[in-house]
């Protein structure tokens with residue numbers, strides 16, 4: 001099926017179970033946080049929503065392995081003054097992004 005679409009399939013080695021761990025974790029996150037909650041109208045809609053999720057995942061979503069930072073943005077320095085937090089909804093309120101303002 002994939003070869004008819006011009007997609008090359010790469011097989012993982014059976015002796016290397018962690019070879020595909022990063023993609024497996026990303027697919028699991030997409031599935032839990034997005035695909036199980038949205039009904040897609042067509043391929044264009046799916047691609048647009050996935051692009052929006054990818055931006056959220058890489059720029060705003062906290063990651064445990066990065067000590068709650070995101071892959072493309074470091075955590076801000078702690079502030080001792082009063083902090084105002086603003087929330088931005090993405091994908092119609094399915095995803096939430098928070099920012100601090102001192």
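At 0.36 nm per residue, and after removing the present C-alpha to C-alpha distance, how many nm does the segment from residue 74 to residue 54 gain when stretched out fully? Provide the component values of the computation, followed by the final result.
Numbers: separation 20, 0.36 × 20 = 7.20 nm, distance 1.70 nm.
The span from residue 74 to residue 54 would gain 5.5 nm if fully extended.
Between residue 44 and residue 81, the contour length at 0.36 nm per residue exceeds the alpha carbon distance by 8.8 nm. Across the chain, C-alpha contacts under 8 Å between residues 6 or more apart give a mean separation that, scaled by the residue count, equals a relative contact order of 15 percent.
Full extension of the segment from residue 15 to residue 96, taken as 0.36 nm per residue of separation minus the current Cα-Cα distance, would add 25.2 nm. For the chain, take the longest principal axis of its alpha carbons; what is the angle in degrees between that and the long axis of helix 21-30, to the nearest 10 within 0 to 90? Rounded to the nearest ten degrees, it is 70. Between helix 43-59 and the chain there is an angle of about 50 degrees, using the helix long axis and the longest principal axis of the Cα atoms.
No lab work stands behind these numbers, since they all come straight from the coordinates. It should be emphasised that the depicted structure is a prediction, and the values quoted were computed from it without experimental measurement.
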